[in-house]
Structures are given as C-alpha cells and as structure tokens.
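The next block holds one structure in the form of structure tokens; read it before the comments.
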Amino acid sequence: MISDFVKGKKKFDYPSAIQKGIELHRAIDTFTDSHLATREAKEVFRPVYRLYSGAFIDVVYDHFLAIDQAEFTESSLLQFSLQVYKEMDEKAEWIPDPFALMFPYMKEHNWLYNYRTRGGIEKSLGGVVRRAAYLSDSGPAFQLFEQHYQLLQDCYHHFWADIKPFILEKFNELLNDERTRI
C-alpha cells in the first residue's frame, strides 16, 4: 500500500517484512508497465493524458480485479478491504506522511471496496488528476473508461492471467530469501 510513497533507498528505513512488500510492489509495477496488454490499454488514455496513462490503467485494473468473480465476491472484497484497513491502522507508525494524509479518506470512503462501482472509479480517476502536477480534468478519463470498457476488460484478463503466476513466484522468492537469512 505504501510503496508508491517510499522512494529509492528509503525502503531500507523500514523493517525487513515491509522492505519485501515494497520490493514485491516494485516488481509488480515493472511487470505491469512492460506487459503487452497494459501497453494496449494505455493507448486508450494516452492521446489525452500522455505519460499519466499508466496511472489511469492502475485504477482501471483495480476496478476489474474488484469485480472479477474468480477473485472476489462482493462480500469477500468487503471483508478484504476492512482487513487491509485494520492492518494499516495497526502499522500506522510505518505509514509515510503523504499516505497518512490520504489514508483516512481511503478508509472512510472504502476505496478498495468501491473500485467495484463505476462511481468509485470515477472518483478514483479524479483522484489521479488531483494528485497529478499537470492535469486538471478527469471527465475525459471517465468517458474513455466507459467508451472502451470491453477493450479495457479484455486487457485486464490477458494481464491478470500472466501476473498471477509472476506474483506467486516473486513472493516465494522473497519469502525464501528471508528464510535463508534467518
């Protein structure tokens, strides 16, 4: 959750388990950015949002994951989101300040759960624009999301089929590395 807010070698300021989580998140980001389906999906947003197209795809993929019946039911997503917020509260001392400012809103409006809804996605796309230095209007992003919904969903399915085994392999690699050092 905090990886995007921990830059470069700052990860070494955290306990080993959090460092591993940051490393896993960074590996997932690299895999995602280089995946063919992601590059295709980015083209939907690139004409309007250029370099920010990847941030929009992250939100779009979160939506499709949240509605993916093979991964979550509505009830299990709700339970998952509440568990994530609880664990984040328990580890609040490790939350970087920029994330700490955003986290109460994330929890209050249950962003993780609301990725399921089109309204939640519209707000999340707006959040990308609010945090971006050079963007001012999220309306076109939501329109593009709606217009290209099926294409984006197809891209998600192609991507998801490849990233799941990658994540498992990387997670086990990090876990085994940790056990080796104990």
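Read-outs: derived from the displayed coordinates by stated rules, not from any lab. Since we're looking at a predicted model, the values are computed, not measured. We place every Cβ from the backbone using ideal geometry, glycine too, and count neighbours over all the protein chains shown.
A few remarks follow.
- For residue 116, the shell of other residues with beta-carbons less than 12 Å away shows a net charge of -3, using +1 for Lys and Arg and -1 for Asp and Glu.
- Dividing the Cα radius of gyration of the chain by 2.2 N^0.38 Å, with N the residue count, gives 1.05.
- When peptides 107-117, 51-61, 8-18 are sorted by average Cβ neighbour count within 10 Å, with the highest value leading, the order is 51-61, 107-117, 8-18.
- Net charge over other residues, Cβ less than 12 angstrom from the Cβ of residue 102 (K, R count +1; D, E count -1): 0
- Per-residue ellipticity at 222 nm computed for the chain from its helices equals -24500 deg cm²/dmol, with DSSP H segments shorter than 4 residues left out and the rest contributing -39,500 (n - 2.57).
- Lysine pair count for the chain (Cα-Cα distance under 15 Å; residues 8 or more apart in sequence or on different chains): 8.
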